Amino acid sequence: MTGTLGTLISEHYSVTAYCNGCGHRAEIDLEAMARIYGDAAAVRGSADRGPARIGGRALVCGKCRARNTALRISPGGLPSGRL
Ligand SMILES: [Zn+2]
């Protein structure tokens with residue numbers, strides 16, 4: 001899916017980033033991201049089409065520094081799982 005940080009926050013989505021290199025995962029703090037990139041920053045999640053991007057920058061894994069990451073975007077109020 002594609003949205004903006006503002007949309008994801010207002011609709012209470014949660015976004016989790018996964019590293020394809022080492023398996024590390026982390027929930028993304030959308031409000032912190034919005035303070036950095038702005039509410040209008042585009043968010044695209046993809047499991048198999050290359051690095052996920054927020055605000056035009058590839059996420060970097062905090063554990064192994066790989067840029068091979070994917071985002072999972074989950075609707076708020078639902079258990080995170082497959083979309
Ligand atoms: Zn990693």
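Given (1) within 16 Å of the ligand (Cβ to nearest atom); (2) farther than 19 Å from residue 9 by Cα; (3) modelled with pLDDT under 75, identify the lone condition not met by residue 52.
Going through the list (1) within 16 Å of the ligand (Cβ to nearest atom); (2) farther than 19 Å from residue 9 by Cα; (3) modelled with pLDDT under 75, residue 52 breaks only (2).
Return yes or no: is residue 15 part of a strand (DSSP E or B), surrounded by 15 or more Cβ atoms within 10 Å (Cβ to Cβ) and either of a type in the set (S, T, N, Q) or modelled with pLDDT of 80 or more (or both)?
When the stated conditions are applied, residue 15 passes them.
What's the number of the condition residue 3 fails, among (1) touching a residue at least 60 places away in the same chain (Cβ under 8 Å); (2) of a type outside the set (S, T, N, Q); (3) assigned to a helix (DSSP H, G or I)?
(3) is the only condition that residue 3 fails.
Could you tell me whether residue 9 is surrounded by 14 or more Cβ atoms within 10 Å (Cβ to Cβ) and modelled with pLDDT under 85?
On the way: surrounded by 14 or more Cβ atoms within 10 Å (Cβ to Cβ): yes; modelled with pLDDT under 85: no.
So residue 9 does not fit the description; no.
The values are calculated or read from the model by the stated rules, or taken from the named source; none is laboratory data. Owing to the predicted nature of the structure, the values given are computational and were not obtained by experimental measurement. Cβ: placed from backbone, ideal geometry, glycine included. Neighbour counts: every protein chain shown.
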